[in-house]
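Structure, as structure tokens:
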Amino acid sequence: MKIELEKAYEAKQFEDKIYKTWEESGFFNPDNLKHAKKPYCILMPPPNVTGILHLGHALENSILDIEIRFRRMCGYKALLLPGADHAAVATQARVEKELQKAGIKNPREELGREKLLKKIREYSENSKSTILNQIKKMGTSCDWSRFAYTFDETRSNAVNTLFQKMYNDGLIYRGYRAVNWSVCGQSTASDDELVYEDEPVTIYTFKYSHDFPIPIATTRPETKLGDCAVAVNPKDDRYSKYIGQKFTVDIGALNPLTITIIADENADMNYGTGAVGVTPAHSMIDFEMYQKNKEIGIIPVIGHDGKMTKNAGENYQGLTVLEARKKFVNWLKENNLIIKQEESIHSVGKSDRFGDVIEVLPMRQWFIDVNKKIPGKNKSLKQLMKDVFTIGHNGNKKKIIKITPARFLNSYMQWIDNLRDWCISRQIWWGHRIPVWYKDKEIKVSLEPLGDGWSQDSDTLDTWFSSGAWTFSTLGWPKKTKDFKMFHPTQWMQMGYEILFFWMARMILMTTYAIDDIPFEEVYIHGILRSKEGKKFSKSLGSGLDPIEIIKNYGTDALRLSLIKGIAPGNDAKFYEEKVVGARNFINKLWNISRYILMSVNDIKLIEKEPKAQTLADQWILQKLNSVIESVTENLNNHNFSLASEILYDFTWTDFADWYIEISKIEKGKEQILLYTLQTLLKLWHPFIPFITETIWKNIDSKLLMISSWPKTDHKSEEKINNNFEKLQEIIIAIRNLKNENKIDLKTVVHCHLESKKYFELIMDQKNIIESLARVKLTSDKYKDVVHILDIDIYIEIKINEQDKIKKIKEIVAYINKLEEKINNKDFIQKAPTNIIENEKKKLKSAYDLLEKLK
RNA sequence: GGGUUCAUAGCUCAGUUGGUUAGAGCGUUACGUUGACAUCGUAAAGGUCAGAGGUUCGAUUCCUCUUGGACCCACCA
């Protein structure tokens, strides 16, 4: 039965229908892959509920889907588990902004907790479906029946259980410590949620009073109203005599300050004045000094509203930080206490969500202790986080996580070394409420609401707390579900390097602790997509390219292919529309290849076995196909998506379409091989461009391509034809060398007939060639006079004139000399591999032959 | 200050343990094209693989330095 297909592939016509077919087939769900035994599980990095699909998601979904479709076809119980993230701060910040636009100036005060939460919930439920539908548009083959939301009941239960376990083990504690505070967001932020920006600042060098012996410098003069000490290096001869002394100075704060001179190695003798004014309340480092020297005291002078507190004194109370700074500097000037004033550039920490300058404030917050020994383990969380990349979890070498590319390990280890206790409490409302209850002076962790008189902590958990539990919370933990037993630890994880610390590190922390296992066997790090100008595609600004638009214009397959081609793990890649055009052209080419074959082959059916080769051309294409299967499989096994796609691209277009199909128009009887090669190619292409391949496949077989089996090479048939090919290849090499050495005139004939049309002349006798060249229109008038001269020797005689000949001979002689020199080199003969030497000898021989002929 | 990374054709990038002639796409130029495909075909031009040294029979690949970019972490008194 012959088939009629449209002239060009119209993605729009097919994609939604195909996705529906896949979904209804149930094969996204590994439970329905009856024959599969070995699990292969990937968790989707959950997109934020309020987000819309951007190119980063598109890239991730392409990568994830290639991986899972490949494994599914390879016979694994393949599960790609989808999800969404409630994205605590990000979501609340967004909704508050919307509300403010609508006229509610202070949503938290005006609406109160319950009403605001309701608004956020509504908002997020709406946008959740948006992003999930967009993910379906990408063709992502995930099991929607297992969909997990970081904020649903199962996940919340996991989070609370985890909190309780850590609390009971003493790893979660509540402490009064300096934390990062966003005045705009009215919440804490972890160190990782800060972005640093360089800004011009003024450095003031001053003394607290005229009789204070040590000058200090600062960029934040207003905080000096809360100074409690001056730290000097114990080895510093200038100041060491003062260590331990106390000075009382009155700089206008509520009370005169008692400044204790303390010794601290962190004070660099050679930097600035060599002494540091210590403000325990408003600097992380200073706070650490305070913890070592508690007697110096702590005086917060900045409040949660970003204004000076009562402690700052009546002249300053209620002023903003900047106002207070100005006023205090004036006071210093009036009293002649400023020694030096200079301009400089400092990086200032800002909230990544709210954008305001982060204030360091001392507060009572919840922390995870990363240095404390875990009961029964004799190791800290920090140590566990290192083990999975070094000795393996619990010292088990099989439990070493493989990371690609490996270089990210360095920065991960460095990050761990600098890791401080993780502040997990947030003062926003959208999130997992901390499961701690208070009654008078009693504190209890409870997963259920407690009775009268008990009130729950009003804070919520950092969103990464729940993300850290993702690999096991999605599988139903703490219940011992079938899924958990089957799929944990997961096989593969994929993420951009920008969330390495946020997410990968936290998953490792949580999983090694709670499950006593690694979260995943392998992690693949991809780069960031940038615009043509090298700028990040900003999520919020949505600069330019919208994947949904691209899908509309070019189709999902084209988008997927253009995202994958030319990327390397961990490296950033530029992305622009022309890339999609190229990919779309290929998709159309594949469509037309199929169209041609399906329209010209009479008996369309599934061909299970490799058809028998009749001619050398058949042998060659089947041989090449086998090697393509092998290298694509190997590259996919190693997650070299880009390379695999390029090999396929090249074979499909150059070898199959432009060469073999053209030959099939002359040499008849190739239907079986054409169909077989097409079917194999559809399978190989399916993970990359699932829609078009499935669409074409429908014309061949009623079963879904998605669950067809991955092609295997038939090594036996390969051996059989190997002999022939050795001969062939010898000739090819000889011809190629000739071509090389005769760049001037030979190129026309050689390129036309030998290079691009590969082994054309070897397939047929000369008569046939002349005839077929004419028929296939491979040759123009220009080539007519040389068509019959496929014998190169003759051609040389006729074509090359005397001058060229002399020049050519000189070139060849020089070449021969070079080769001989190399071959006569003793070291080369002794040390180089034999095949290299053989090759050089062959080159030399053909060069001599050529020389003979020219003479 | 510590660390990572990049520099390959006009542009965007591949290049998997060092080894035949360094590749692709786009762009450019020439030629071709009557039904699978102008979303096409055939070819051409275009590279001291940033520079200098070293290791090696042999370096785009490994090492050192230099130049110029990007990024991460810490610090920023």
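Annotations for the structure displayed:
- Efficiency of FRET between A:R433 and A:E122 - r from beta-carbon atoms, R0 25 angstrom, step 0.05: 0.85
- The simple spin-label model puts a point 7 Å past each Cα toward its Cβ; for A:E630 and A:K101 those points are separated by 5.8 nm.
- Selection of trypsin sites (Lys or Arg not before Pro), region A:541-638, meeting DSSP coil and at most 14 other Cβ within 10 Å: A:K605, A:K609, A:K612
- Equivalent ellipsoid semi-axes - Cα gyration tensor, region A:520-615, angstrom: 36, 19, 12
- Distance from region A:125-160 to region A:343-363 (C-alpha centre basis), Å: 34
- Distance between modelled label sites at A:S455 and A:D603, nm, 7 Å Cα→Cβ extension: 8.4
- Translational diffusion of region A:101-149, µm² s⁻¹ [Kirkwood Rh, Cα pairs; Stokes-Einstein; 20 °C; 1.002 mPa s]: 162
- Of A:I528, A:A263, A:A324, farthest towards positive along the dipole that unit charges on Lys, Arg, Asp, Glu beta carbons give chain A: A:I528
- Degrees, to the nearest 10: A:153-168 long Cα axis against longest axis of chain A: 50
- Between 0 and 90°, nearest 10: helix A:802-824 axis offset from chain A longest Cα axis: 60
- Free of any GluC sites (Glu not before Pro) that DSSP assigns to a loop and that have at most 10 other C-beta atoms within 10 Å, the longest stretch within chain A is A:7-264.
- Within chain A, longest stretch clear of exposed chymotrypsin sites (Phe, Trp or Tyr not before Pro) (DSSP loop, no more than 15 other Cβ within 10 Å): A:577-855
- Contour minus Cα-Cα distance for A:H210 and A:E4 (0.36 nm per residue): 64.5 nm
- Of A:K128/A:K402; A:K115/A:K552; A:K34/A:K609; A:K12/A:K624; A:K37/A:K165; A:K101/A:K136, pairs whose Cα-Cα distance is over 27 Å: A:K128/A:K402; A:K115/A:K552; A:K12/A:K624; A:K37/A:K165; A:K101/A:K136
- Compared with the dominant Cα axis of chain A, that is its longest principal axis, helix A:641-650 is turned about 20°.
- Expressed as a fraction of 2.2 N^0.38 Å, the value expected for a compact globular protein of N residues, the C-alpha radius of gyration of chain A is 1.24.
- Considering region A:440-479 at the alpha-carbon level, its Rg and Dmax are found to be 13.9, 38 Å.
- Length released on extending from A:L194 to A:I52, taking residue separation times 0.36 nm less the Cα-Cα span: 48.8 nm
- Each label point was placed 7 Å from the Cα along the Cα-to-Cβ direction; for A:Y848 and A:N270 their separation is 6.8 nm.
- Those trypsin sites (Lys or Arg not before Pro) in region A:493-540 that DSSP places in a loop and that have at most 15 other beta carbons within 10 Å: A:K532, A:K535, A:K539
- 10 Å-binned pair-distance histogram of region A:177-322 (Cα, whole percent): 11, 39, 36, 13, 1
- Trypsin sites (Lys or Arg not before Pro) restricted to DSSP loop in region A:455-494 with at most 16 other C-beta within 10 Å: A:K479, A:K480
- 5 Å binning of all Cα-Cα separations within region A:557-695, expressed as whole percents from 0 upward: 2, 9, 20, 22, 20, 13, 8, 4, 2, 0
Readers should treat all values here as calculations from the given coordinates under stated rules, not as data from a laboratory. Every value quoted in this text rests on a predicted model; they were computed, and no experiment measured them. Heads up, the Cβs are rebuilt from the backbone with ideal geometry, glycines too, and the neighbour counts pull from every protein chain shown.
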